[in-house]
Amino acid sequence: MNRRALVKWGIAVLVVALLVGAAYYIGLNRGQLPWPPGLGPGAEGTTSTTANDSPASQPYADLLAKPNEPAYVPGKGFAPDAQRILEIVSLQVSLEKHRMAKGVYPRALADLFPTFAPKVDGNPLTRPPVDPVSKQSYDYQLSADSEDYRLTAVLDNGKQYSVSKANLPR
């Protein structure tokens, strides 16, 4: 390997390391990852509150039933609430693909399959995903004019996580 290629490789590794470190730091401060013992808010030598602890700065702080547990554990997979949210968002993307292609939202989630199916590991799903714990379908309601929808999952804490056309970025 010549010197120029080695420098490019080194820079690429450094950038990846910085991105992973930044993502981990963000996860710690948003409560998505547990703090190591002796570190973090409330540990000896640290303050327990910050400007970012206000409810207004953390609009989703009480969304998950267990906000201090990681959303993903290597070897185990996603926590049920994290999986529900990921599936709802991936179905929302599929709903938008269907609307872009056909001009309306589908009458049922099953109408997304196989053409507009969300993908897992690069492969399209063959049927709508179901709740990882109850094994029940997610609630999908289409408006009377087929111009809007509401897609809902019930989280472990009993709260509903819903998306609709109104939730889309503009």
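Taken together, the values in this text are just the output of simple stated rules run on the coordinates, not laboratory data. Treat the numbers as computed from the prediction; the structure is a model and nothing was measured. Note: ideal-geometry Cβ built from the backbone for every residue, glycine included; neighbour counts use all protein chains shown.
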| task | Report, by residue number, each residue of the range 74-132 that is of a type in the set (S, T, N, Q), buried (at least 17 other Cβ atoms within 10 Å of the Cβ) and either in contact with a Phe, Trp or Tyr (Cβ under 7 Å, 6 or more places away or on another chain) or assigned to a loop (DSSP other than H, G, I, E, B) (or both). | result | S94
| field | Test for R150: is it more than 19 Å from F78 (Cα to Cα) and surrounded by 12 or more Cβ atoms within 10 Å (Cβ to Cβ) | value | yes
